[in-house]
Amino acid sequence: MYRNPKNTKQEIKLWAFFLLDIGIVGGMLLLANYINKVVPISATMQIVNYILFACFGIFLCARSPSYPIERNFKLIFYIFRMDRNKYHPIDIKDFNKRSDLI
């Protein structure tokens, strides 16, 4: 019997991996395949290229310990999207509270 998801933002899990993670790593491997076709490199460098792109895909899927809710690719997107004309001061009391939690 199928259960209804608790909310609409629930992640789909296939075996031990989330569907989004499989898609990101697969997309990175497809990008590595495209680069290997465009750039003429040796067979060993092609294998190294696949390994590097797979590791980068895994890094993008990982969650950082300081913000475990979002994946790294969303955090990188937020960094590029943030407004650099605003200054956000860090309160010393707030910083001490955060460092005590770690």
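Each reported figure results from applying straightforward, stated rules to the coordinates on display, with no laboratory input. This structure is a prediction, so every number in the text was calculated from the model and none was measured. Note that each Cβ is placed from the backbone with ideal geometry, even for glycine, and that neighbours are counted across all protein chains shown.
The modelled label-to-label distance between F73 and H88, using points 7 Å beyond Cα along the C-beta direction, is 2.3 nm.
Entry note, the range 13-84: relative contact order of 27 percent, from Cα contacts under 8 Å with a spacing of 6+ residues.
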